[in-house]
Structures are given as C-alpha cells and as structure tokens.
Amino acid sequence: MCGTIVWLREPIDPATGRAQVDDKNRDPARHQRPIIGLKILNMRASSDGTWSGSIYNADDGNTYQVTVTPSASTLLVRGCSGVFCGNDTWSKVGGR
C-alpha cells in the first residue's frame, strides 16, 4: 500500500502566495518539492489484515513507523514517537 498527496485544503501557502512545498523536511535539498504529489505512505501487508510501514508527516518533516488497519471506508492509522502513541482515522472523500 502506498499513499500520495493529491489534494490540499489550502494548496497555496499564505506566506508566499505559492504552492505548498516540503519546507520542513530535514533534508534542505527537498525544501522546494511540492506537497501535492508527495508520497507519504509506504506499507507492507501483515498476516493479521493490517499494514505496517512508514508515514511521512510534511507538517514536521519527520517519518514515523505506523500500523494501518483498513475498513470499507476508513483507515485507522496508529503510530508512535518514542513512548508517545496516537491514532487517527482517515475517511474516504467523494466515494473514491
């Protein structure tokens, strides 16, 4: 499973008036790449119906190890950073 950003609620950066870019990435050479089109999920199937791998968070420029549990209309994303863990539910938009 992979995931690519195809839409942003705010595609234009209000500070620059230009398309949002990956300016928080730890690698300065990637600061100008567009957020739209950015691959953020890289997952492999597990035997229990979940997917495990990494997710890139363009908001802070970090990559996290996550587990994803899919259902018919949502993805439950669970990840940890050190001892802190959290969940997020992603929903399909527009029946895609």
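The values are calculated or read from the model by the stated rules, or taken from the named source; none is laboratory data. On a predicted model such as this, the values are computed, not experimentally measured, just so you know. Backbone-built Cβ (ideal geometry, glycine too); neighbour counts: all protein chains shown.
When you scan segment 24-44, how many residues do you find that are assigned to a loop (DSSP other than H, G, I, E, B) and either more than 11 Å from the chain's Cα centre (by Cα) or of a type in the set (Val, Ile, Thr) (or both)? Residues meeting the conditions: 10. The listed residues are ILE12, ILE35, ILE40, and the only one of them that is under 25 Å from VAL93 (Cα atoms), in contact with a strand residue (DSSP E or B) (Cβ under 7 Å, 6 or more places away or on another chain), loosely packed, with under 12 Cβ neighbours inside 10 Å and among the β-branched types (Val, Ile, Thr) turns out to be ILE12.
Somewhere in segment 72-82, is a residue without any contact (Cβ under 8 Å) to a residue 12 or more places away in the chain and of a type in the set (A, V, I, L, M)? First the steps, then the outcome.
Start the filter on segment 72-82 by keeping residues that are without any contact (Cβ under 8 Å) to a residue 12 or more places away in the chain, which leaves 72, 82.
Subsequent filtering for residues that are of a type in the set (A, V, I, L, M) retains 72.
For segment 72-82, residues without any contact (Cβ under 8 Å) to a residue 12 or more places away in the chain and of a type in the set (A, V, I, L, M): present.
When segment 58-96 is filtered for residues that are assigned to a strand (DSSP E or B) and either in contact with a Gly (Cβ under 6 Å, 6 or more places away or on another chain) or among the acidic types (Asp, Glu) (or both), the ones remaining, listed by number, are TYR64, VAL66, ASP88.
ASP27 - would you say it is in contact with a Lys or Arg (Cβ under 9 Å, 6 or more places away or on another chain) and either among the acidic types (Asp, Glu) or surrounded by 12 or more Cβ atoms within 10 Å (Cβ to Cβ) (or both)? Here the answer is no, as ASP27 does not meet what is asked.
Can you find even one residue in segment 71-83 that is within 17 Å of THR4 (Cβ to Cβ), polar (S, T, N, Q) and out of contact with any strand residue (DSSP E or B) (no Cβ under 6 Å at 6 or more places or on another chain)?
Taking every residue of segment 71-83 in turn, none turns out to be within 17 Å of THR4 (Cβ to Cβ), polar (S, T, N, Q) and out of contact with any strand residue (DSSP E or B) (no Cβ under 6 Å at 6 or more places or on another chain).
Just checking, which of ASP88, ASP48 is loosely packed, with under 11 Cβ neighbours inside 10 Å and at pLDDT below 95? Being loosely packed, with under 11 Cβ neighbours inside 10 Å and at pLDDT below 95 holds for just one of ASP88, ASP48, which is ASP48.
If we keep just the residues of segment 3-22 that are in contact (Cβ under 8 Å) with a residue 12 or more places away in the chain and in a loop (DSSP other than H, G, I, E, B), which is nearest to LEU75 (Cα to Cα)? Restricting to residues being in contact (Cβ under 8 Å) with a residue 12 or more places away in the chain and in a loop (DSSP other than H, G, I, E, B), the top hit is ILE5. Filtered by the rule that a residue be free of Cβ contacts under 8 Å to residues at least 12 places away in the same chain and over 18 Å from ARG30 (Cα atoms), segment 50-71 gives a lone residue, SER71.
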